[in-house]
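Coordinate-derived values only; no laboratory data. Note that the structure is predicted; figures quoted are calculated from it, not measured. When we count neighbours, we look across all protein chains shown, and the Cβ atoms used for this are built from the backbone with ideal geometry, even at glycine.
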Amino acid sequence: MKTNVKMTVYGVLMTVFTVGQIISAFLLYNSEANYHVINFGWGVLLLSAIFGWLPILTFRQKGQVQGRSYVHTTVLVDSGIYRIVRHPQYLAGVLMSIALPLISQHWLVAVLGVLAAIICYLNTFTEEQGCIDKFGEDYITYMNKVPRINFIWGIIRFVVRKGK
């Protein structure tokens with residue numbers, strides 16, 4: 001499947017699953033569910049917000065953005081949040097897809113979350129091909145240093161590199 005078509009299909013599916021999950025989480029919220037799980041879910045959702053918003057600031061500061069959108073960078077950004085993970089906003093989508101079922105504790109929200117998380121993750125591969133096309137060998141070198149979305153491994157690698 002061509003990259004543009006794939007991105008469009010992924011975008012539509014991700015929107016349907018994510019919006020469906022958000023609406024379902026509100027409508028099917030179980031106020032009598034385990035509050036420890038609910039609180040953990042809110043923590044995951046907060047982490048999702050951090051990974052979702054930091055790239056906007058980082059790209060605007062370091063990406064030499066051209067145009068109105070922060071994603072139109074002209075240089076490879078490998079600092080800030082991009083030292084931890086290559087795709088923080090897709091990670092944010094995956095984390096949100098995990099958080100909402102924990103908060104609502106309903107099976108439908110969990111099913112939609114699994115589907116949304118899978119699409120988010122698959123989208124990273126298409127995104128990476130675009131980055132390789134745009135930045136070439138520099139991006140391939142970057143890929144070898146920073147994990148795709150595994151932020152725990154990214155933090156460990158960052159701390160080890162900083163200690164050297």
Quote the FRET efficiency, to the nearest 0.05, computed for MET7 versus TRP53 with a Förster distance R0 of 25 Å and r equal to the Cβ-Cβ distance.
0.65
Once every DSSP H run of n ≥ 4 in the chain is given -39500 (n - 2.57) and the sum is divided by its residues, what mean residue ellipticity at 222 nm do you get, rounded to the nearest 500 deg cm²/dmol?
-25500 deg cm²/dmol
Assertion target for MET7, MET14, ordered by fewest C-beta neighbours within 10 angstrom first, is MET7, MET14
Check: the chain dipole with +1 on Lys, Arg Cβ and -1 on Asp, Glu Cβ, in debye:
540 debye
Trypsin sites (Lys or Arg not before Pro) restricted to the stretch 1-106 and DSSP loop, no more than 12 other C-beta within 10 Å:
LYS2, ARG68
From fewest to most C-beta neighbours within 10 Å, the residues HIS87, HIS106 line up as HIS106, HIS87
Quick check: pseudo-label points 7 Å beyond the Cα along Cα→Cβ at LEU46 and LYS62, how many nm apart are they?
2.5 nm
Find, among the chymotrypsin sites (Phe, Trp or Tyr not before Pro) in the stretch 69-164, those assigned to loop by DSSP (not H, G, I, E, B) with at most 15 other beta-carbon atoms within 10 angstrom.
TYR70
Would you be so kind as to identify which of ALA116, PRO88, ILE152 lies farthest towards the positive end of the dipole of the stretch 73-164, taking Lys and Arg as +1 and Asp and Glu as -1 on Cβ and the Cα centre as origin?
ILE152
Across LYS6/LYS62; LYS6/LYS134; LYS62/LYS134, pairs whose alpha-carbon gap is larger than 22 Å:
LYS6/LYS62
Distance from a point 7 Å along Cα→Cβ of LEU27 to each backbone N in the stretch 93-115: keep the residues under 15 Å and list them by number.
106-113
Within straight-line cross-link reach of LYS145, aspartates and glutamates at Cα separation under 16 Å, skipping those fewer than 8 residues along the same chain:
ASP78, GLU128, GLU137
Please order ILE56, ILE140, ILE98 by the number of other Cβ within 10 Å, starting at the fewest.
ILE140, ILE56, ILE98
